[in-house]
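Asks: Sharing a structure here in structure tokens format.
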Amino acid sequence: MPNLMQNLLLVMLGASLGGACRYLFTLIETQLSPPIQISTLLVNIIGGLLAGIIAAYLLSKPDQALRLFLIVGFCGGLTTFSSFSLEAMKLLQNREFLTAFLLIIFHFIGAIGATFIGFIVTQRFIS
């Protein structure tokens, strides 16, 4: 049981830091007032990039605590699939179909592409 509690604390601490970073992105966006919400897109791409970098690093140096804190906790708290889903739904409800389609494509390609890039680049530096 102590290991479970330690793991939960690692995830909780990482998630709180990731969530705080996500909130800071939202505050910055509020100050800039862009025509569309980009903070969710940015944190999803950055979260994907970080997850790829960390996953590649952990291949050579497996560390369960680091994985729980950074990938499950921090990246999980940082990225915003539920926010993204809500933004897409609102655009679809407003019949802004092209914008909704572009938002969905950018999120998927951006986040998955960033994860792939982070993984490959980090793997090359480690090897």
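The values are calculated or read from the model by the stated rules, or taken from the named source; none is laboratory data. Because the structure is a prediction, the values reported are computed rather than measured. Because the Cβ atoms are built from the backbone with ideal geometry, glycine has one as well, and the counts that use them run over all protein chains shown. Heads up: the accessible areas ignore ligands, DNA and RNA and are worked out on the full protein's heavy atoms, side chains in. Shrake-Rupley method; radii C 1.70, N 1.55, O 1.52, S 1.80 Å.
Asks: Does L70 satisfy the criteria of being within 26 Å of N3 (Cβ to Cβ), open to solvent by 90 Å² or more (accessible area, probe 1.4 Å) and either part of a helix (DSSP H, G or I) or of a type in the set (F, W, Y) (or both)?
Replies: no
One line per residue, one yes/no per condition, for (1) outside any helix (DSSP H, G or I); (2) among the aromatic types (F, W, Y); (3) surrounded by 19 or more Cβ atoms within 10 Å (Cβ to Cβ):
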site	(1), (2), (3)
L9	no, no, no
L13	no, no, no
Y23	no, yes, no
L27	no, no, no
T30	no, no, no
P35	yes, no, no
G47	no, no, yes
G52	no, no, yes
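Asks: Could you list, in sequence order, the residues of segment 113-127 that are open to solvent by less than 70 Å² (accessible area, probe 1.4 Å) and under 16 Å from V43 (Cα atoms)?
Replies: G113, A114, T115, G118
Asks: Kindly check whether there is at least one residue in segment 81-93 that is in contact with a helix residue (DSSP H, G or I) (Cβ under 7 Å, 6 or more places away or on another chain), at pLDDT below 90, among the polar types (S, T, N, Q) and open to solvent by 20 Å² or more (accessible area, probe 1.4 Å).
Replies: Yes, the conditions are met somewhere in segment 81-93.
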